[in-house]
Amino acid sequence: MLAKRIIPCLDIKDGQTVKGINFVNIKSVGDPVELGAMYAEQGADELVFLDITATHEGRKTFVELVKRIAREINIPFTVGGGISEIKDAEALLSAGADKVSINSSAVRNPKLIDDLALNFGTQFVVVAIDAKNYDGHWTVTVNGGRIPTDKELFSWAKEAEDRGAGEILFTSMDHDGTKAGFANDELARMADMLKIPIIASGGAGNMDHFVDVFTTGKADAGLAASIFHYKEIGIPDLKSYLNQKGIPIRL
Amino acid sequence: MNLVIIKYNAGNIESVNNALQRLGISAEITGDHEKIKAADKVIFPGVGEASTTMAYLKKEGLDKLIPSLSQPVLGICLGLQLMCSHSEEGDTPCLGIFEEKVKRFQPEPGMEFVTKVPHMGWNTITNLNSALFDESLNEQFVYFVHSYYATVGEHTAAVGNYINPFSAALHKDNFYATQFHPEKSGPVGAKILENFIKL
(Lines give C-alpha, C1' and ligand atoms only; values in the text may rest on other atoms or scores of the structure.)
Protein backbone atom coordinates (compact mmCIF):
# COMPACT_ATOMS: atom_id res chain seq x y z
CA MET A 1 0.00 0.00 0.00
CA LEU A 2 1.22 3.48 -0.85
CA ALA A 3 2.54 5.02 2.36
CA LYS A 4 1.63 8.43 3.69
CA ARG A 5 4.75 10.60 3.69
CA ILE A 6 6.39 12.49 6.53
CA ILE A 7 8.37 15.45 5.23
CA PRO A 8 10.62 17.64 7.35
CA CYS A 9 10.99 21.07 5.82
CA LEU A 10 14.28 22.87 6.09
CA ASP A 11 14.04 26.60 5.58
CA ILE A 12 17.38 27.88 4.37
CA LYS A 13 18.83 31.34 4.82
CA ASP A 14 22.44 32.06 3.91
CA GLY A 15 23.14 28.33 3.74
CA GLN A 16 21.80 27.63 7.23
CA THR A 17 18.58 25.97 8.35
CA VAL A 18 16.19 28.32 10.05
CA LYS A 19 12.60 28.21 11.19
CA GLY A 20 10.60 31.31 11.78
CA ILE A 21 7.44 31.45 13.84
CA ASN A 22 4.91 32.80 11.34
CA PHE A 23 7.88 33.50 9.07
CA VAL A 24 9.46 36.12 11.35
CA ASN A 25 11.95 35.95 14.22
CA ILE A 26 14.32 33.65 12.41
CA LYS A 27 16.60 31.47 14.50
CA SER A 28 19.34 29.19 13.18
CA VAL A 29 18.99 25.45 13.80
CA GLY A 30 21.95 24.07 11.90
CA ASP A 31 23.62 22.81 8.76
CA PRO A 32 21.02 21.73 6.16
CA VAL A 33 23.01 18.83 4.74
CA GLU A 34 23.77 17.41 8.17
CA LEU A 35 20.20 17.87 9.32
CA GLY A 36 18.76 16.40 6.10
CA ALA A 37 21.00 13.33 6.31
CA MET A 38 19.95 12.81 9.91
CA TYR A 39 16.26 13.01 9.02
CA ALA A 40 16.76 10.58 6.11
CA GLU A 41 18.42 8.14 8.48
CA GLN A 42 15.58 8.51 10.99
CA GLY A 43 13.00 7.58 8.35
CA ALA A 44 11.86 10.84 6.76
CA ASP A 45 10.18 9.96 3.46
CA GLU A 46 11.21 13.10 1.62
CA LEU A 47 12.82 16.42 2.39
CA VAL A 48 11.97 19.94 1.33
CA PHE A 49 14.61 22.68 1.25
CA LEU A 50 13.20 26.16 0.85
CA ASP A 51 15.34 29.22 0.34
CA ILE A 52 12.88 31.31 2.30
CA THR A 53 14.33 34.72 1.69
CA ALA A 54 14.97 34.21 -2.01
CA THR A 55 11.80 35.85 -3.27
CA HIS A 56 11.84 38.67 -0.79
CA GLU A 57 15.40 39.70 -1.48
CA GLY A 58 15.37 38.79 -5.13
CA ARG A 59 18.15 36.31 -4.50
CA LYS A 60 18.68 33.35 -6.79
CA THR A 61 18.79 29.90 -5.31
CA PHE A 62 21.47 27.79 -3.86
CA VAL A 63 22.78 25.43 -6.51
CA GLU A 64 25.98 24.55 -4.69
CA LEU A 65 24.09 23.57 -1.55
CA VAL A 66 21.74 21.42 -3.65
CA LYS A 67 24.73 19.58 -5.12
CA ARG A 68 25.97 18.77 -1.62
CA ILE A 69 22.51 17.63 -0.58
CA ALA A 70 22.21 15.38 -3.65
CA ARG A 71 25.53 13.72 -2.89
CA GLU A 72 24.69 12.97 0.72
CA ILE A 73 20.95 12.26 0.83
CA ASN A 74 19.47 8.94 -0.36
CA ILE A 75 15.79 9.91 -0.39
CA PRO A 76 13.90 12.29 -2.72
CA PHE A 77 14.08 16.00 -2.05
CA THR A 78 12.36 19.12 -3.29
CA VAL A 79 13.93 22.54 -3.51
CA GLY A 80 12.22 25.89 -3.74
CA GLY A 81 12.79 29.58 -3.48
CA GLY A 82 13.61 32.08 -6.19
CA ILE A 83 12.59 29.91 -9.14
CA SER A 84 11.04 32.28 -11.62
CA GLU A 85 12.08 30.83 -14.96
CA ILE A 86 12.98 27.56 -16.66
CA LYS A 87 16.71 28.07 -16.33
CA ASP A 88 16.45 28.43 -12.52
CA ALA A 89 14.71 25.07 -12.32
CA GLU A 90 17.11 23.49 -14.79
CA ALA A 91 20.13 24.47 -12.68
CA LEU A 92 18.55 22.94 -9.57
CA LEU A 93 17.51 19.75 -11.33
CA SER A 94 20.93 19.22 -12.85
CA ALA A 95 22.38 19.83 -9.39
CA GLY A 96 20.38 16.78 -8.29
CA ALA A 97 17.01 18.02 -6.99
CA ASP A 98 14.14 15.61 -7.60
CA LYS A 99 11.45 18.27 -7.63
CA VAL A 100 11.17 22.02 -7.57
CA SER A 101 8.63 23.98 -5.62
CA ILE A 102 7.32 27.27 -6.96
CA ASN A 103 5.15 29.70 -5.06
CA SER A 104 5.06 33.48 -5.60
CA SER A 105 6.53 33.20 -9.09
CA ALA A 106 3.66 30.89 -10.14
CA VAL A 107 1.12 33.40 -8.79
CA ARG A 108 2.77 36.20 -10.76
CA ASN A 109 3.26 34.07 -13.88
CA PRO A 110 0.98 31.00 -13.89
CA LYS A 111 2.36 29.91 -17.27
CA LEU A 112 5.57 28.98 -15.44
CA ILE A 113 3.74 25.85 -14.21
CA ASP A 114 2.93 24.83 -17.79
CA ASP A 115 6.48 25.49 -18.93
CA LEU A 116 8.10 23.51 -16.11
CA ALA A 117 5.70 20.58 -16.58
CA LEU A 118 6.33 20.54 -20.30
CA ASN A 119 10.10 20.68 -19.95
CA PHE A 120 10.66 18.38 -16.98
CA GLY A 121 7.43 16.43 -16.46
CA THR A 122 4.63 17.05 -13.99
CA GLN A 123 6.35 14.96 -11.30
CA PHE A 124 9.04 17.66 -11.04
CA VAL A 125 6.62 20.47 -10.30
CA VAL A 126 5.33 21.17 -6.81
CA VAL A 127 3.15 24.26 -6.56
CA ALA A 128 3.32 25.68 -3.05
CA ILE A 129 0.38 27.79 -1.94
CA ASP A 130 0.37 29.96 1.18
CA ALA A 131 -3.14 31.05 2.02
CA LYS A 132 -4.87 32.98 4.75
CA ASN A 133 -8.50 33.19 5.76
CA TYR A 134 -9.75 36.78 5.41
CA ASP A 135 -13.36 36.97 6.68
CA GLY A 136 -14.18 33.48 5.44
CA HIS A 137 -12.38 33.86 2.11
CA TRP A 138 -9.26 31.77 1.68
CA THR A 139 -6.89 34.14 -0.09
CA VAL A 140 -3.56 33.19 -1.62
CA THR A 141 -0.69 35.20 -0.17
CA VAL A 142 2.86 35.75 -1.45
CA ASN A 143 6.21 36.80 -0.04
CA GLY A 144 6.02 34.55 3.00
CA GLY A 145 2.41 35.39 3.76
CA ARG A 146 3.05 39.12 3.80
CA ILE A 147 1.04 40.11 0.72
CA PRO A 148 -2.52 38.98 -0.13
CA THR A 149 -3.24 38.43 -3.84
CA ASP A 150 -6.44 38.43 -5.89
CA LYS A 151 -6.36 34.64 -6.09
CA GLU A 152 -8.69 32.37 -4.12
CA LEU A 153 -7.16 29.22 -2.62
CA PHE A 154 -9.31 26.49 -4.15
CA SER A 155 -9.63 27.89 -7.66
CA TRP A 156 -5.88 28.55 -7.73
CA ALA A 157 -5.11 24.99 -6.59
CA LYS A 158 -7.36 23.65 -9.37
CA GLU A 159 -5.74 25.94 -11.92
CA ALA A 160 -2.29 24.77 -10.81
CA GLU A 161 -3.34 21.14 -11.30
CA ASP A 162 -4.80 21.90 -14.73
CA ARG A 163 -1.59 23.64 -15.77
CA GLY A 164 0.52 20.62 -14.86
CA ALA A 165 1.43 20.75 -11.17
CA GLY A 166 2.39 17.29 -9.91
CA GLU A 167 1.65 18.11 -6.26
CA ILE A 168 0.23 20.91 -4.17
CA LEU A 169 2.02 21.99 -1.00
CA PHE A 170 -0.61 23.91 0.94
CA THR A 171 0.38 26.02 3.95
CA SER A 172 -2.32 27.65 5.98
CA MET A 173 -0.84 30.90 7.25
CA ASP A 174 -3.52 30.87 9.96
CA HIS A 175 -2.22 27.55 11.28
CA ASP A 176 1.51 27.87 10.60
CA GLY A 177 3.48 28.20 13.82
CA THR A 178 0.44 27.71 16.08
CA LYS A 179 1.06 24.00 16.82
CA ALA A 180 -2.72 23.61 17.07
CA GLY A 181 -3.17 21.19 14.15
CA PHE A 182 -3.37 21.36 10.36
CA ALA A 183 -6.13 23.08 8.34
CA ASN A 184 -7.98 19.79 7.93
CA ASP A 185 -11.28 21.14 6.57
CA GLU A 186 -9.57 23.05 3.80
CA LEU A 187 -7.22 20.15 3.07
CA ALA A 188 -10.09 17.68 2.77
CA ARG A 189 -11.99 20.05 0.51
CA MET A 190 -8.91 20.34 -1.69
CA ALA A 191 -8.40 16.55 -1.72
CA ASP A 192 -11.96 16.07 -2.98
CA MET A 193 -11.26 18.52 -5.82
CA LEU A 194 -7.82 17.50 -7.03
CA LYS A 195 -6.37 14.35 -8.55
CA ILE A 196 -2.80 15.16 -7.56
CA PRO A 197 -1.22 14.53 -4.16
CA ILE A 198 -1.50 17.19 -1.47
CA ILE A 199 1.23 17.95 1.04
CA ALA A 200 -0.21 19.52 4.20
CA SER A 201 1.84 22.18 5.93
CA GLY A 202 1.36 24.48 8.90
CA GLY A 203 0.15 23.75 12.37
CA ALA A 204 1.71 20.42 13.40
CA GLY A 205 2.17 20.35 17.16
CA ASN A 206 1.72 16.76 18.24
CA MET A 207 1.48 13.25 16.81
CA ASP A 208 -2.31 13.21 16.76
CA HIS A 209 -2.25 16.19 14.41
CA PHE A 210 -0.62 13.90 11.85
CA VAL A 211 -3.25 11.21 12.41
CA ASP A 212 -5.91 13.87 11.82
CA VAL A 213 -4.29 15.28 8.69
CA PHE A 214 -4.10 11.82 7.07
CA THR A 215 -7.66 10.86 8.02
CA THR A 216 -9.90 13.96 8.33
CA GLY A 217 -7.59 16.09 6.18
CA LYS A 218 -7.14 13.35 3.52
CA ALA A 219 -3.58 14.54 2.90
CA ASP A 220 -0.99 12.42 1.12
CA ALA A 221 1.93 13.88 3.04
CA GLY A 222 2.46 15.92 6.18
CA LEU A 223 5.15 18.54 6.35
CA ALA A 224 6.59 20.18 9.43
CA ALA A 225 9.72 21.99 10.52
CA SER A 226 10.18 23.26 14.05
CA ILE A 227 8.71 20.24 15.85
CA PHE A 228 11.38 18.14 14.16
CA HIS A 229 14.21 20.69 14.41
CA TYR A 230 13.61 21.27 18.11
CA LYS A 231 13.17 17.52 18.69
CA GLU A 232 9.67 17.91 20.07
CA ILE A 233 8.62 14.93 17.99
CA GLY A 234 11.04 12.25 16.81
CA ILE A 235 10.38 10.89 13.32
CA PRO A 236 10.74 7.22 14.41
CA ASP A 237 8.26 7.80 17.27
CA LEU A 238 5.85 9.60 14.99
CA LYS A 239 5.96 6.86 12.35
CA SER A 240 5.45 4.06 14.82
CA TYR A 241 2.54 5.98 16.39
CA LEU A 242 0.91 6.47 12.97
CA ASN A 243 1.42 2.78 12.22
CA GLN A 244 -0.32 1.87 15.49
CA LYS A 245 -3.20 4.11 14.47
CA GLY A 246 -3.61 2.19 11.22
CA ILE A 247 -2.14 4.86 8.90
CA PRO A 248 -0.14 3.27 6.05
CA ILE A 249 3.43 4.31 6.76
CA ARG A 250 6.96 3.20 5.83
CA LEU A 251 8.71 1.92 8.95
CA MET B 1 35.09 -2.42 -11.52
CA ASN B 2 34.27 -0.52 -14.65
CA LEU B 3 30.69 0.68 -14.37
CA VAL B 4 29.07 2.84 -17.01
CA ILE B 5 25.85 4.87 -16.79
CA ILE B 6 24.36 5.37 -20.24
CA LYS B 7 24.08 9.06 -21.02
CA TYR B 8 21.05 10.13 -22.99
CA ASN B 9 18.38 12.81 -22.95
CA ALA B 10 16.76 11.70 -19.71
CA GLY B 11 16.61 13.52 -16.42
CA ASN B 12 18.30 12.86 -13.11
CA ILE B 13 21.13 10.58 -14.27
CA GLU B 14 23.40 12.30 -11.76
CA SER B 15 21.41 10.97 -8.81
CA VAL B 16 22.26 7.40 -9.81
CA ASN B 17 25.91 8.42 -9.95
CA ASN B 18 25.64 9.98 -6.48
CA ALA B 19 24.13 6.77 -5.09
CA LEU B 20 26.98 4.71 -6.55
CA GLN B 21 29.52 7.11 -5.08
CA ARG B 22 27.95 6.61 -1.67
CA LEU B 23 28.70 2.89 -2.21
CA GLY B 24 32.29 3.71 -3.11
CA ILE B 25 31.87 3.08 -6.86
CA SER B 26 32.93 5.69 -9.36
CA ALA B 27 30.97 5.30 -12.57
CA GLU B 28 31.44 6.96 -15.93
CA ILE B 29 28.45 8.63 -17.54
CA THR B 30 28.83 8.18 -21.28
CA GLY B 31 26.99 7.57 -24.54
CA ASP B 32 30.14 6.18 -26.21
CA HIS B 33 29.39 2.76 -27.73
CA GLU B 34 32.87 1.32 -27.22
CA LYS B 35 32.97 2.37 -23.56
CA ILE B 36 29.52 0.93 -22.95
CA LYS B 37 30.46 -2.37 -24.61
CA ALA B 38 33.68 -2.62 -22.61
CA ALA B 39 32.06 -1.95 -19.21
CA ASP B 40 31.69 -4.67 -16.55
CA LYS B 41 28.25 -3.37 -15.67
CA VAL B 42 25.89 -0.93 -17.33
CA ILE B 43 23.13 1.17 -15.77
CA PHE B 44 20.37 2.56 -17.97
CA PRO B 45 18.50 5.08 -15.81
CA GLY B 46 15.93 7.61 -16.80
CA VAL B 47 13.12 9.96 -16.09
CA GLY B 48 11.29 11.27 -19.11
CA GLU B 49 8.83 10.57 -21.89
CA ALA B 50 8.98 7.30 -23.85
CA SER B 51 8.62 8.39 -27.48
CA THR B 52 11.10 11.29 -27.41
CA THR B 53 13.59 9.18 -25.48
CA MET B 54 13.28 6.24 -27.90
CA ALA B 55 13.77 8.65 -30.81
CA TYR B 56 16.99 9.84 -29.18
CA LEU B 57 18.21 6.27 -28.54
CA LYS B 58 17.60 5.47 -32.24
CA LYS B 59 19.42 8.55 -33.41
CA GLU B 60 22.43 7.53 -31.30
CA GLY B 61 22.25 3.84 -32.31
CA LEU B 62 21.72 2.93 -28.64
CA ASP B 63 18.50 1.08 -29.56
CA LYS B 64 20.66 -1.59 -31.24
CA LEU B 65 23.52 -1.48 -28.75
CA ILE B 66 21.60 -1.92 -25.48
CA PRO B 67 19.82 -5.21 -26.38
CA SER B 68 23.12 -6.62 -27.70
CA LEU B 69 24.98 -6.16 -24.40
CA SER B 70 26.08 -9.32 -22.58
CA GLN B 71 27.28 -7.92 -19.22
CA PRO B 72 24.75 -7.21 -16.42
CA VAL B 73 22.55 -4.25 -17.34
CA LEU B 74 20.24 -2.46 -14.88
CA GLY B 75 17.40 -0.32 -16.21
CA ILE B 76 15.77 2.11 -13.81
CA CYS B 77 12.27 3.66 -14.09
CA LEU B 78 11.91 4.84 -17.70
CA GLY B 79 14.88 2.52 -18.41
CA LEU B 80 12.71 -0.45 -17.39
CA GLN B 81 9.83 0.75 -19.55
CA LEU B 82 12.07 1.29 -22.60
CA MET B 83 13.43 -2.26 -22.20
CA CYS B 84 9.88 -3.65 -22.67
CA SER B 85 8.26 -4.41 -26.03
CA HIS B 86 5.89 -1.47 -26.33
CA SER B 87 4.75 1.55 -24.33
CA GLU B 88 1.34 3.18 -24.46
CA GLU B 89 3.12 6.47 -23.80
CA GLY B 90 3.21 7.99 -27.27
CA ASP B 91 2.32 4.51 -28.68
CA THR B 92 6.03 3.73 -28.74
CA PRO B 93 7.72 0.49 -29.88
CA CYS B 94 10.53 -0.04 -27.35
CA LEU B 95 13.70 -2.15 -27.14
CA GLY B 96 11.92 -5.50 -26.78
CA ILE B 97 14.29 -7.05 -24.25
CA PHE B 98 11.32 -7.98 -22.07
CA GLU B 99 8.06 -9.09 -23.72
CA GLU B 100 6.03 -7.24 -21.07
CA LYS B 101 4.01 -4.24 -22.25
CA VAL B 102 3.86 -0.78 -20.69
CA LYS B 103 0.43 0.64 -19.90
CA ARG B 104 -0.92 3.73 -18.20
CA PHE B 105 -2.44 3.46 -14.74
CA GLN B 106 -6.21 3.92 -14.99
CA PRO B 107 -7.77 5.20 -11.75
CA GLU B 108 -10.65 3.05 -10.61
CA PRO B 109 -13.96 4.61 -11.65
CA GLY B 110 -15.26 6.75 -8.82
CA MET B 111 -11.89 6.52 -7.08
CA GLU B 112 -10.05 9.20 -9.09
CA PHE B 113 -9.37 11.25 -5.99
CA VAL B 114 -8.00 8.31 -4.03
CA THR B 115 -6.09 6.36 -6.66
CA LYS B 116 -4.10 9.27 -7.97
CA VAL B 117 -1.86 9.07 -11.03
CA PRO B 118 1.15 9.26 -11.02
CA HIS B 119 1.88 6.56 -8.50
CA MET B 120 4.25 8.57 -6.36
CA GLY B 121 5.83 7.74 -3.05
CA TRP B 122 6.91 4.73 -1.05
CA ASN B 123 5.32 1.37 -1.74
CA THR B 124 6.21 -2.25 -1.03
CA ILE B 125 7.66 -4.92 -3.30
CA THR B 126 6.75 -8.63 -3.05
CA ASN B 127 7.16 -11.92 -4.94
CA LEU B 128 10.88 -11.25 -5.28
CA ASN B 129 12.57 -13.42 -7.86
CA SER B 130 15.98 -12.16 -8.98
CA ALA B 131 19.56 -11.83 -7.78
CA LEU B 132 18.86 -8.11 -7.20
CA PHE B 133 16.88 -9.10 -4.14
CA ASP B 134 17.24 -11.24 -1.07
CA GLU B 135 14.55 -12.39 1.34
CA SER B 136 15.18 -9.45 3.69
CA LEU B 137 13.86 -7.11 1.00
CA ASN B 138 10.43 -8.73 0.73
CA GLU B 139 7.65 -6.26 1.62
CA GLN B 140 10.17 -3.44 2.04
CA PHE B 141 9.27 0.06 0.88
CA VAL B 142 10.94 1.61 -2.17
CA TYR B 143 10.36 4.93 -3.91
CA PHE B 144 8.24 5.12 -7.07
CA VAL B 145 7.33 7.98 -9.40
CA HIS B 146 5.52 6.83 -12.53
CA SER B 147 2.29 7.05 -14.49
CA TYR B 148 3.02 4.02 -16.70
CA TYR B 149 3.80 0.48 -15.58
CA ALA B 150 4.99 -2.81 -17.06
CA THR B 151 2.44 -5.60 -16.87
CA VAL B 152 3.11 -8.68 -14.77
CA GLY B 153 4.54 -11.44 -16.94
CA GLU B 154 7.12 -14.16 -17.36
CA HIS B 155 10.02 -11.85 -16.51
CA THR B 156 8.52 -10.15 -13.48
CA ALA B 157 11.15 -10.18 -10.72
CA ALA B 158 9.19 -8.19 -8.13
CA VAL B 159 5.55 -7.24 -7.94
CA GLY B 160 4.23 -3.85 -6.90
CA ASN B 161 0.60 -3.08 -6.30
CA TYR B 162 -1.07 0.22 -7.08
CA ILE B 163 -4.56 0.20 -8.58
CA ASN B 164 -3.46 -3.16 -10.05
CA PRO B 165 -0.44 -5.45 -9.69
CA PHE B 166 2.49 -4.41 -11.89
CA SER B 167 6.14 -5.33 -12.48
CA ALA B 168 8.18 -3.46 -9.88
CA ALA B 169 11.22 -5.26 -11.31
CA LEU B 170 12.01 -7.39 -14.35
CA HIS B 171 14.80 -9.86 -15.04
CA LYS B 172 15.79 -11.85 -18.11
CA ASP B 173 19.27 -13.28 -18.66
CA ASN B 174 21.78 -10.44 -18.06
CA PHE B 175 19.08 -7.76 -18.08
CA TYR B 176 17.65 -6.40 -14.83
CA ALA B 177 15.31 -3.49 -14.31
CA THR B 178 13.46 -1.73 -11.52
CA GLN B 179 10.44 0.53 -11.89
CA PHE B 180 11.29 2.15 -8.56
CA HIS B 181 14.32 4.34 -7.92
CA PRO B 182 16.89 2.38 -5.87
CA GLU B 183 19.06 5.51 -5.83
CA LYS B 184 16.32 7.31 -3.88
CA SER B 185 15.09 4.39 -1.77
CA GLY B 186 17.24 4.84 1.33
CA PRO B 187 19.13 1.82 2.72
CA VAL B 188 16.81 -0.66 0.92
CA GLY B 189 17.67 0.89 -2.44
CA ALA B 190 21.36 0.96 -1.58
CA LYS B 191 21.19 -2.80 -0.85
CA ILE B 192 19.61 -3.45 -4.25
CA LEU B 193 22.31 -1.42 -6.03
CA GLU B 194 24.93 -3.31 -4.05
CA ASN B 195 23.39 -6.61 -5.12
CA PHE B 196 23.60 -5.47 -8.75
CA ILE B 197 27.23 -4.44 -8.34
CA LYS B 198 28.04 -7.85 -6.86
CA LEU B 199 26.50 -9.80 -9.80
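The values are calculated or read from the model by the stated rules, or taken from the named source; none is laboratory data. Model, not experiment: these values are computed from the prediction. Here the Cβ positions follow ideal geometry from the backbone for every residue, glycine too, while neighbour counts run over all protein chains shown. SASA here: full protein model, heavy atoms, side chains in, ligands and nucleic acids out. Shrake-Rupley method; radii C 1.70, N 1.55, O 1.52, S 1.80 Å.
This table checks each residue for (1) under 11 Å from A:ASP130 (Cα atoms); (2) out of contact with any Gly (no Cβ under 6 Å at 6 or more places or on another chain); (3) assigned to a strand (DSSP E or B).
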residue	(1), (2), (3)
A:ASP150	no, yes, yes
A:PHE170	yes, yes, yes
A:HIS175	yes, no, no
A:LYS179	no, no, no
A:GLU186	no, yes, no
Exercise. Do the conditions hold for B:GLU14, that is, is it away from every other protein chain (no Cβ under 14 Å) and either touching a residue at least 24 places away in the same chain (Cβ under 8 Å) or surrounded by 15 or more Cβ atoms within 10 Å (Cβ to Cβ) (or both)?
Worked result: no
Problem set entry | B:ILE36 touching a residue at least 24 places away in the same chain (Cβ under 8 Å) and open to solvent by less than 10 Å² (accessible area, probe 1.4 Å) | yes
Exercise. Are any residues in the stretch A:212-251 touching an Asp or Glu at 6+ places or on another chain (Cβ under 9 Å) and assigned to a loop (DSSP other than H, G, I, E, B), and if so, which ones?
Worked result: A:THR216, A:GLY217, A:LYS218, A:ASP220, A:ALA225, A:LYS245, A:ILE249, A:ARG250
Exercise. Of the residues A:ILE73, A:ILE168, which is within 15 Å of the chain's Cα centre (by Cα) and either more than 14 Å from every other protein chain (Cβ to nearest Cβ) or on the phi < 0 side of the Ramachandran plot (or both)?
Worked result: A:ILE168
Exercise. Mind checking whether some residue in the stretch B:151-161 is within 14 Å of chain A (Cβ to nearest Cβ), touching a His at 6+ places or on another chain (Cβ under 9 Å) and open to solvent by less than 30 Å² (accessible area, probe 1.4 Å)?
Worked result: yes
Problem set entry | Subset of the stretch B:162-181 [outside any loop (DSSP other than H, G, I, E, B) and either under 8 Å from the mean Cα position of the chain (by Cα) or surrounded by 22 or more Cβ atoms within 10 Å (Cβ to Cβ) (or both)] | B:PHE166, B:SER167, B:ALA168, B:ALA169, B:LEU170, B:PHE175, B:TYR176, B:ALA177, B:THR178
Exercise. For residues in the stretch A:107-158 being open to solvent by 20 Å² or more (accessible area, probe 1.4 Å) and among the hydroxyl-bearing types (Ser, Thr, Tyr), which is nearest to B:SER147 (Cα to Cα)?
Worked result: A:THR122
Exercise. Within the stretch A:198-212, which residues are within 14 Å of chain B (Cβ to nearest Cβ) and either open to solvent by 10 Å² or more (accessible area, probe 1.4 Å) or touching a residue at least 60 places away in the same chain (Cβ under 8 Å) (or both)?
Worked result: A:ILE199
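Residue by residue, here is whether (1) more than 14 Å from chain A (Cβ to nearest Cβ); (2) at positive phi holds:
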| residue | (1), (2) |
| --- | --- |
| B:ASN127 | yes, yes |
| B:PHE144 | no, no |
| B:ALA168 | no, no |
| B:HIS171 | yes, no |
| B:PHE175 | yes, no |
| B:GLN179 | no, no |
| B:GLU194 | no, no |
Exercise. Can you tell me which residue in the stretch B:110-133 is farthest from A:ALA44 (Cα to Cα), limited to those that are part of a loop (DSSP other than H, G, I, E, B) and in contact with a Gly (Cβ under 8 Å, 6 or more places away or on another chain)?
Worked result: B:PRO118
